[in-house]
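Here's the structure, in structure tokens; my notes come after.
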Amino acid sequence: MTGGLTTTGLAGGRGTDTVIRDIDLSVDSGNVLALLGPNGAGKTTLLLTLAGLLPSRRGSVSVDGTPLRNGRPAAANRAGLVLVPDDRCLFTGLTVEENLRVAARRGGPGPTAMLEVFPALESRWKLPAGALSGGEQQMLVLARALIQQPKVLLVDELSMGLAPLVVESLFETVRAIAADHGCAVVLVEQHVELALEAADQAMVLRSGQVVARGPAAELAADPARLRDAYFGQGENPE
Ligand SMILES: Nc1ncnc2c1ncn2[C@@H]1O[C@H](COP(=O)(O)OP(=O)(O)OP(=O)(O)O)[C@@H](O)[C@H]1O
Ligand SMILES: [Mg+2]
């Protein structure tokens, strides 16, 4: 069996509101899934539910075929699921090295091992994270996730506020992390074109439901289908 992330019939939300429903998702180890959709579609809610930070109402989440217990973020993290939240959450007063040391795991790689994947951080090593550029901060955010040796990496809007060239290079790194470290990546993005270039598969959420899915290259080649999925003409929930 190929490892990775699987959900079946996942539903969840906040408080009493069900925000996402009937989510069947599968990302193999080494692959990237672009999770797209308009504002308020439920993308962040889905990631938080996968990470156990919001309890699910229905359905299941499995990592490498093993079901996770509902609403247990620490257990999900131990099972190899690592979330990169959309608000970075760095310790801005700590240095780059210290931010990595805080996240490193016993028996896992140390901070300096991350320089192989993120050589640009070397000249920033002793600077506080708050002094880094936006792109450098996102590198650090990715390095902090990678140091935890994820089996599944959930990335929420890495590109927010960054120039397209910076985003492109960050997405290349995300691809490399998936390929070289054999992890399954879910990449939530508003930067649709760049995300589809970086991804193997893609899925569009609208009003909490899947309205389109397929190979990323196929969706990239069919902008009309994407537009309809976003704005609700033609494509209906599965
Ligand atoms: N903290 C919150 N409390 C209550 N409802 C929320 C909260 N955050 C989001 N929601 C609601 O949940 C729904 C889905 O929001 P979510 O943030 O998951 O969407 P999203 O696809 O990530 O949007 P965006 O592209 O803006 O990040 C929306 O209707 C939103 O109003
Ligand atoms: Mg969001």
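Computed from the coordinates by the stated procedures, all read-outs in this text should not be read as laboratory data. In this text the structure is predicted, and so the values were computed from the model without any measurement. So basically every Cβ, Gly included, is an ideal-geometry build from the backbone, and we count neighbours across all protein chains shown.
Filter the stretch 8-21 down to residues that are touching a strand residue (DSSP E or B) at 6+ places or on another chain (Cβ under 7 Å) and surrounded by fewer than 20 Cβ atoms within 10 Å (Cβ to Cβ), then give me how many there are. Walk me through how you get there before you give the answer.
If we filter the stretch 8-21 for residues that are touching a strand residue (DSSP E or B) at 6+ places or on another chain (Cβ under 7 Å), which is where we start, we get 8-13, 18-21.
Those still in the list that are surrounded by fewer than 20 Cβ atoms within 10 Å (Cβ to Cβ) too: 8-9, 11, 13, 18, 21.
Counting residues in the stretch 8-21 that are touching a strand residue (DSSP E or B) at 6+ places or on another chain (Cβ under 7 Å) and surrounded by fewer than 20 Cβ atoms within 10 Å (Cβ to Cβ) gives 6.
Does residue 28 satisfy the condition of being of a type in the set (Asp, Glu) and over 17 Å from the mean Cα position of the chain (by Cα)? Even if it seems obvious, please write down each step before you answer.
Details: of a type in the set (Asp, Glu): yes; over 17 Å from the mean Cα position of the chain (by Cα): no.
Criteria not met by residue 28.
Could you grab the pairs with beta carbons closer than 9 Å, sequence gap of 6+ or different chains, first residue in the stretch 36-48 and under 11 Å from residue 156 (Cβ atoms), second one near ligand 1 (Cβ under 6 Å from one of its atoms) and among the β-branched types (Val, Ile, Thr)?
45/19; 46/19
Considering only residues that are within 24 Å of residue 142 (Cβ to Cβ), part of a loop (DSSP other than H, G, I, E, B) and away from ligand 1 (no atom under 16 Å from the Cβ), which ones fall in the stretch 30-89?
Answer for the stretch 30-89, where residues must be within 24 Å of residue 142 (Cβ to Cβ), part of a loop (DSSP other than H, G, I, E, B) and away from ligand 1 (no atom under 16 Å from the Cβ): 30, 31, 64, 68, 79, 80.
Within the stretch 161-180, can one find any residue that is of a type in the set (Lys, Arg) and closer than 28 Å to residue 90 by Cα? Show your work before the answer.
Filtering the stretch 161-180 for residues of a type in the set (Lys, Arg) gives 175.
Okay, now just the ones that are also closer than 28 Å to residue 90 by Cα, so 175.
Yes: one or more hits.
With respect to residue 53, is the statement that it is within 28 Å of residue 215 (Cβ to Cβ) and of a type outside the set (Gly, Ala, Ser) true?
Numbers: within 28 Å of residue 215 (Cβ to Cβ): no; of a type outside the set (Gly, Ala, Ser): yes.
Here the answer is no, as residue 53 does not meet what is asked.
Pairs under 8 Å by beta carbon, first residue within 14 Å of residue 170 (Cα to Cα) in the stretch 180-197, partner basic (Lys, Arg) and within 14 Å of ligand 2 (Cβ to nearest atom), six or more apart or different chains?
Sorted first by the residue in the stretch 180-197, then by its partner, the pairs are 188/43.
For the stretch 192-238, give me each residue that is in a loop (DSSP other than H, G, I, E, B) and either surrounded by fewer than 22 Cβ atoms within 10 Å (Cβ to Cβ) or charged (D, E, K, R) (or both).
Step one: list which residues in the stretch 192-238 are in a loop (DSSP other than H, G, I, E, B), which gives 199-200, 207-208, 221-222, 232-238.
Selection gives 200, 207, 221, 222, 232, 233, 234, 235, 236, 237, 238.
Does residue 75 satisfy being buried (at least 22 other Cβ atoms within 10 Å of the Cβ) and either in contact (Cβ under 8 Å) with a residue 24 or more places away in the chain or over 19 Å from residue 181 (Cβ atoms) (or both)?
On the way: buried (at least 22 other Cβ atoms within 10 Å of the Cβ): no; either in contact (Cβ under 8 Å) with a residue 24 or more places away in the chain or over 19 Å from residue 181 (Cβ atoms) (or both): yes.
Judged against the criteria, residue 75 is not a match.
Of the conditions (1) farther than 17 Å from residue 82 by Cβ; (2) more than 16 Å from ligand 1 (Cβ to nearest atom); (3) surrounded by 21 or more Cβ atoms within 10 Å (Cβ to Cβ); (4) not small (Gly, Ala, Ser), residue 27 fails just one. Which one is it?
It is condition (1) that residue 27 fails.
Is one or more of the residues making up the stretch 2-22 under 30 Å from residue 132 (Cα atoms), touching a residue at least 12 places away in the same chain (Cβ under 8 Å) and within 16 Å of the chain's Cα centre (by Cα)? Full working, then the answer.
Start the filter on the stretch 2-22 by keeping residues that are under 30 Å from residue 132 (Cα atoms), which leaves none.
So far as the stretch 2-22 goes, no, none of its residues is under 30 Å from residue 132 (Cα atoms), touching a residue at least 12 places away in the same chain (Cβ under 8 Å) and within 16 Å of the chain's Cα centre (by Cα).
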